[in-house]
Amino acid sequence: MNRSALLTALLVVAGVVLVAVPLAAPAEEPPDRYEYYVERTDGEIAAWETRYSANFTERERAVFDAALRNESGRYTVSEAELGSVPPFVNGTVAVSDVRHDGQWYLVEAKRFDRGTPLSAHLPRLGALLGGLGLALAGGYRAVMG
């Protein structure tokens, strides 16, 4: 095989690899964050689901207690720290009343889905465009000789 044919083959192979890698491996997304806000209220609010702390799961109890201990009433945690199903959250925002030690509390849970940042897509886009350029250059060399 002569040098020209070898260079053409290498250009095409490198181009195909650089195009395939970004398509095969998606950009990594950061885990979602959840913020819990607990505030003492005067009584039950009929519009919201009422829950009792005695019926909490272990994770719900940990989140509720952590928010109560914090002076601001807020507790933020990542999805990875909570496990597969975050407590209290049904969608992006969930509000419920909680009866705990004879007191009523408002619990507001928010899900923050940040999505994949642009900085994670730029190297992939560069590899894709570079691979496309190399593959086209190799194809041009193969056709035009």
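The values are calculated or read from the model by the stated rules, or taken from the named source; none is laboratory data. These numbers come from a predicted model, not from an experiment. Counting neighbours? That spans all protein chains shown, and the Cβs are built from the backbone with ideal geometry, glycine included.
The set of residues from the range 1-31 being more than 20 Å from HIS121 (Cβ to Cβ) and of a type in the set (A, V, I, L, M, F, W, C) comprises MET1, ALA5, LEU6, LEU7, ALA9, LEU10, LEU11, VAL12, VAL13, ALA14, VAL16. Against the numbered list (1) surrounded by fewer than 16 Cβ atoms within 10 Å (Cβ to Cβ); (2) modelled with pLDDT of 70 or more, GLY73 comes up short only at (1). Among the residues of the range 1-37, those that are at pLDDT below 85 and touching a Gly at 6+ places or on another chain (Cβ under 7 Å) comprise GLU29, TYR37. For the range 101-133, which residues satisfy the criterion of being part of a helix (DSSP H, G or I), of a type outside the set (Gly, Ala, Ser) and within 17 Å of PRO26 (Cβ to Cβ)? Of everything in the range 101-133, those that are part of a helix (DSSP H, G or I), of a type outside the set (Gly, Ala, Ser) and within 17 Å of PRO26 (Cβ to Cβ) turn out to be LEU118, HIS121, LEU122, PRO123, ARG124, LEU125, LEU128. Close Cβ contacts (under 6 Å, 6 or more residues apart or on different chains) running from residues in the range 8-33 that are within 23 Å of ASP113 (Cα to Cα) to residues that are of a type in the set (Phe, Trp, Tyr) comprise ARG33/PHE112.
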